[in-house]
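A quick write-up on the structure given underneath.
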C-alpha cells in the first residue's frame, strides 16, 4: 500500500515515503500531538489484516518499547487506523550499516566500536527475553550523531529459501515463529535457524559474527551461487579467518569471530556480557587504547615492550589442591613466550616468589626487571574452567590487554596458546625464527596433564622427598599418555636430580636416559627435552661434548630457560671454563632474579673459579631470598669453610641438617665442617655413623670422601672419590668444589680428572 502525503493515522500525519520493500513501507511523519517528527512503519496488508499477526505485533512492540536503550531503535507507539497496522518509531538521520559497508572498507577501530554498541543493544534485549533473529547490516543504522541503532528488534522476517539475499525482497513475518518456520535472512541466519529449530540469544551471536566477518573482510562468511549453497555452507563449512583477507586483524579478533560462528550453540558466547568483554579486550588490543583508574594510555606511541613476568594465577576454586593447576597454567605460558627470539620472560622461580603477596605491579616489575606483568585467576568447577588474565604496563600501571575465557577443561591448551599469542600481539613483538618452533603440544589427556602439573609442582621444591614425588607423578602421566613428551622430559630430569640425592647412579642413568630418548623421539625441538638430554650426558655419563651440544640446543629453543643456563654453567665450571660458567650463571640470574637456585648457581660458579670472596655476598643475598633453601645453605657453608670462617660453616650445616631431616648428604657436610674446624672427635663420630650405613642408597661414597677430606685423611678421601667415579656418581663431577681443595695438589687428582674425561 502507498499512503499519500497528508494521510492521517490517528494524530500522525504522513509527510513522505522513506523506503519500501517486502517488509512494508517506512514514512516520515509528523506527530501532531507532541510536535515532533517520527518514522512510521506500515505493515504489509496481508499481515495487517490478520488479527493474530496484529496481536503478536502489538505484544512485541510493547516489549521493544519497554527496552528504552540508546542502541535500539525506539518504538513510541503502535496502532491500527482505517485498516492500516503501523508502528511509530524515532526518526533517524544517517545511513544503514549496509550503505556504509558499500562505501568502502571500515577501519578496525570503528568496526569494533560499531559491534560493541550492537552487543550492548543485544544485552539489553536479551535481558528482557527478546531475541532479534534477523541481525544483518540492513538492520543496523549509523546515525549522523555517531550512535549505532539496531532496527526491527523483535520484528524478524521470514525469508523463503529461494528468495534473493536482498532485504528488499524479504517476506516479513512477526515475532514468535511457527514450529519449523525458517526465520532470518540467508547468509546471516544461524544453523539452528536454517534447520527451523528453536532459537535463543546465541542465534543472534551467530548472525552478529557473520556481520562482523563481512565488515572486516569485505566478504560474507557463507557464500554460494544459490540460497541452497549458502544454507549448506552455514550448516557444514567454516570460513577462513578474517586475517586471511585483512592482514592487520589481531588474533584475538579472529577468535571472537570464530567463536560467534561456531555451529554448535554451546561453543559460542553464551551471554552478551561475555561477548562484550571479549570485544572490549580486542578493542584495547587493536587500538592500543586502554583505561585504568580513569586515565588513558596509548602504548602504540611507545616503543615495544619486550619483557614480561607471568605471575602465578590465583586459585579461585574452593579446592586448595588446585594450586598446582594454577601454577601449571602460568608455567605453560612462560614456556611458550620463552621461545620467542629477543623477548625476555622472567622465569617461573622468580615470578612465583610473589605467590600470596599483596602485589604492587611497579615493585614486581622493578624486582624482576621487566616492563610488563601478566596476572590472572583460575576457577574450576567440574569440567568447566574460567581463566581471567590481564597484562599491565609496569611503568604506568595501565592495563594493556585483558581477556576472560569460559571453556571446557578440554580447551585448556588452546587457552594457553591464545594467551601467549595475545601477549605477543599486545606488546607488538614479532615472532623470530625460533618463535613457537620449540613448543610441544601438551597431552590430549586431561588426566595426564594433571599428573604432569603435579610433577612440576613437586620438582620445583628440589628436595629429595619432593623429587621422588615428582618422578612418581611424571610416571603416572606417561602411563596415561605414553606420547606425552614433556612428561617424559620431566621424568628424565627428575631421575637425574635424584642421582645427586643417593639414587643408585646405574638405576638413575637407565631410567633417565630411557625417558629422555623417548621425549626426543616425540618432540625433538622442545627445550626441556634438550636440557634433559644434556643432564643425562653430563652428570650421568660424563659425556661433556654431547652435553654441551644439547644445552646449546635447549637455549636456542628457549633463550629464557634459566635452568638450562644453570646446568650448562655448572658443567663448564667442572671443565674449568670459569668465565663462560659465570656468564651463563649471570644470564640465568637476569632471567630469574628472585630465584635462590639461580643466585646460588652464580655464587657456586664464583666458588669453583676460586673467587670465593666474590661469591659470598651473592650467596648471602640468596639466603635473604629463601633462608631455608638447602642448596643455598650447602654452597654458603662450603664457602664459609674455605674462607676460614669455620664457626659460621658449622652453624650453616647444622641448620641444613635439621631442615633436611638429618639427611646423610648434609650430615657428611657437617662432618667436613667439623674436620676443617679442628673438631675431630665430632667429625670422626659422623664418619663412623656414615660408614656403618654402607651399603645404602642414601650413603654415597662422595659423602665419605667429604668427611675424610675434612679430617685430612687423603688416602681414604681418594679411595672414596675413585669409588664414586667408578659408580658414575654425578657428585663426582664437582671437582672444583671445596672438599676437593685438599686433594687438588696431589698427583692422583689428575688421574681423577682423566677418568672423568676432563683434560687440562
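The values are calculated or read from the model by the stated rules, or taken from the named source; none is laboratory data. Only a predicted model underlies this, so the values are computations on that prediction, with no experimental measurement involved. Here Cβ is always computed from backbone atoms with ideal geometry, including for glycine, and neighbour counts include all displayed protein chains.
What residue, of 573, 627, is closer than 27 Å to residue 649 by Cα and free of Cβ contacts under 8 Å to residues at least 24 places away in the same chain? Answer to the check: 627. Checking the structure you have, find out if any residue of region 718-741 is in a loop (DSSP other than H, G, I, E, B) and surrounded by fewer than 17 Cβ atoms within 10 Å (Cβ to Cβ). Yes, the conditions are met somewhere in region 718-741.
Residues checked against (1) in contact (Cβ under 8 Å) with a residue 40 or more places away in the chain; (2) outside any loop (DSSP other than H, G, I, E, B); (3) in contact with a strand residue (DSSP E or B) (Cβ under 8 Å, 6 or more places away or on another chain); (4) closer than 27 Å to residue 415 by Cα:
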| position | (1), (2), (3), (4) |
| --- | --- |
| 468 | no, yes, no, no |
| 487 | yes, yes, no, yes |
| 513 | no, yes, no, no |
| 524 | no, no, no, yes |
| 535 | yes, yes, no, no |
| 538 | yes, yes, no, no |
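Scan region 126-150 for residues that are buried (at least 24 other Cβ atoms within 10 Å of the Cβ), in a loop (DSSP other than H, G, I, E, B) and touching a helix residue (DSSP H, G or I) at 6+ places or on another chain (Cβ under 7 Å) and jot them down. Spell out the reasoning first.
Taking region 126-150 first, the residues buried (at least 24 other Cβ atoms within 10 Å of the Cβ) are 132-136, 139-140, 149-150.
So of that shortlist, the ones also in a loop (DSSP other than H, G, I, E, B) come out as 132-136.
Answer for region 126-150, where residues must be buried (at least 24 other Cβ atoms within 10 Å of the Cβ), in a loop (DSSP other than H, G, I, E, B) and touching a helix residue (DSSP H, G or I) at 6+ places or on another chain (Cβ under 7 Å): 132, 133, 135, 136.
When residues in region 200-219 are screened for being under 21 Å from residue 114 (Cβ atoms) and surrounded by fewer than 18 Cβ atoms within 10 Å (Cβ to Cβ), 2 of them pass.
Here residue 745 passes the criteria (1) surrounded by fewer than 14 Cβ atoms within 10 Å (Cβ to Cβ); (2) in a loop (DSSP other than H, G, I, E, B); (3) touching a helix residue (DSSP H, G or I) at 6+ places or on another chain (Cβ under 9 Å) except the one numbered (3).
So how many residues does region 407-416 have that are buried (at least 18 other Cβ atoms within 10 Å of the Cβ) and out of contact with any helix residue (DSSP H, G or I) (no Cβ under 6 Å at 6 or more places or on another chain)? Adding up the residues that qualify gives 2. Against the list (1) in contact with a helix residue (DSSP H, G or I) (Cβ under 8 Å, 6 or more places away or on another chain); (2) in a loop (DSSP other than H, G, I, E, B); (3) modelled with pLDDT under 90, the condition residue 483 fails is (3). Selection over region 359-404 of residues that are over 30 Å from residue 593 (Cβ atoms), in a strand (DSSP E or B) and in contact with a strand residue (DSSP E or B) (Cβ under 9 Å, 6 or more places away or on another chain) gives a count of 6. Scanning region 517-539 for residues that are surrounded by 24 or more Cβ atoms within 10 Å (Cβ to Cβ) and more than 25 Å from residue 340 (Cβ to Cβ) yields 536, 538, 539.
Somewhere in region 751-758, is a residue under 18 Å from residue 464 (Cβ atoms), under 49 Å from the mean Cα position of the chain (by Cα), part of a loop (DSSP other than H, G, I, E, B) and touching a residue at least 60 places away in the same chain (Cβ under 8 Å)? No - not one qualifying residue is present in region 751-758. Out of 656, 651, 681, one residue alone is in contact (Cβ under 8 Å) with a residue 24 or more places away in the chain, touching a helix residue (DSSP H, G or I) at 6+ places or on another chain (Cβ under 9 Å) and part of a helix (DSSP H, G or I). It is 656.
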